[in-house]
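Report on one structure; see the data block that follows.
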Amino acid sequence: MISVIVPAYNEEQNIAACLESLERQTLPRDRYEVIVVDGGSKDATREIAARYADLVFIQTSRKVGGARNDGAVRASGDIIATTDADCIIPPGWLEVIKSGFDSDQSVVQLYGPVDPIEGGVKNRLFLAFANTFSRIGYYTGLFYYTLGCNSAFRKAAFIGAGMYACIDAGDDLEIARRMRELGRVKFENRMRVFFSMRRYEQFGTIRSLYEWVYIVSKGGESEKHSYSGKEYKK
């Protein structure tokens with residue numbers, strides 16, 4: 001069983017498309033569950049999610065990392081996969097994840113690249129840069145640029161490592177350092193998701209990137225900066 005954790009906050013415009021893409025997986029539906037962890041949405045996010053997900057509930061922990069942790073604690077699967085409510089998931093995503101863990105028992109975390117949902121040269125170039133950065137980190141062994149929208153874990157190792165840090169930004173990079181102490185963290189090029197650039201388009205790519213780097217450099221917390229790239233209210 002694979003448990004897919006989807007944090008959400010005021011995503012009534014996007015979550016149906018995300019969850020419908022999870023319904024179209026090539027892995028049989030009885031081999032995975034979908035859990036939506038809501039950050040206290042003021043719109044119809046929870047009502048829409050309930051049409052598709054196996055479990056929908058309001059988070060109790062802080063930040064988006066806390067939402068993923070809450071979902072993992074209530075998950076039935078021995079594999080945890082995480083994505084975002086505004087992502088679109090290709091049909092073979094879960095089969096790639098299953099194969100990655102089945103083929104190598106030393107792997108405790110899988111992650112992959114992201115492609116833009118929205119068109120435009122700037123969006124494609126920005127994510128091409130991010131994917132190249134991720135590959136360089138992995139193949140040099142210097143760092144693991146894992147993203148919460150496209151990661152998967154062995155549940156026992158994830159909980160044993162302490163799960164996600166409940167911080168403003170960088171939680172999805174920080175977790176990989178702790179997972180690496182328990183086993184292999186592997187980049188899987190076939191494990192791709194389509195990622196929404198809407199907030200980057202709204203606030204500006206350079207500003208969003210600057211704020212993300214600034215907050216991460218400060219340990220993931222900031223009172224003066226709000227990471228507009230993936231803002232989460234809870």
Query raised in the report: For the stretch 83-109, which residues satisfy the criterion of being hydrophobic (A, V, I, L, M, F, W, C) and in contact with a helix residue (DSSP H, G or I) (Cβ under 9 Å, 6 or more places away or on another chain)?
Result: Ala85, Cys87, Ile88, Ile89, Trp93, Leu94, Val107, Val108
Report task. Can you tell me which residue within the stretch 168-210, out of those that are part of a helix (DSSP H, G or I), touching a strand residue (DSSP E or B) at 6+ places or on another chain (Cβ under 7 Å) and modelled with pLDDT of 80 or more, is farthest from Glu11 (Cα to Cα)? Result -> Met179
Report task. Filter the stretch 25-69 down to the residues that are more than 20 Å from Met1 (Cα to Cα), hydroxyl-bearing (Ser, Thr, Tyr) and in contact with a strand residue (DSSP E or B) (Cβ under 8 Å, 6 or more places away or on another chain), then identify the one that is surrounded by the fewest Cβ atoms within 10 Å (Cβ to Cβ). Result -> Ser41
**Report entry** the stretch 14-30, subset without any contact (Cβ under 8 Å) to a residue 60 or more places away in the chain and under 17 Å from Thr83 (Cβ atoms), residue nearest to the chain's Cα centre (by Cα)
**Finding:** Leu19
Query raised in the report: Which one of these does Ala156 not meet: (1) in contact with an Asp or Glu (Cβ under 9 Å, 6 or more places away or on another chain); (2) closer than 30 Å to Glu12 by Cβ?
Result: (2)
Query - Residues of the stretch 139-162 satisfying the condition of being part of a loop (DSSP other than H, G, I, E, B), touching a Phe, Trp or Tyr at 6+ places or on another chain (Cβ under 9 Å) and under 16 Å from Asp70 (Cα atoms) - result: Ala161
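The values are calculated or read from the model by the stated rules, or taken from the named source; none is laboratory data. These numbers were taken from a predicted model, which means no experiment stands behind them. For neighbour counting, all protein chains shown are included, and Cβ atoms are generated from backbone atoms with ideal geometry for every residue, glycine included.
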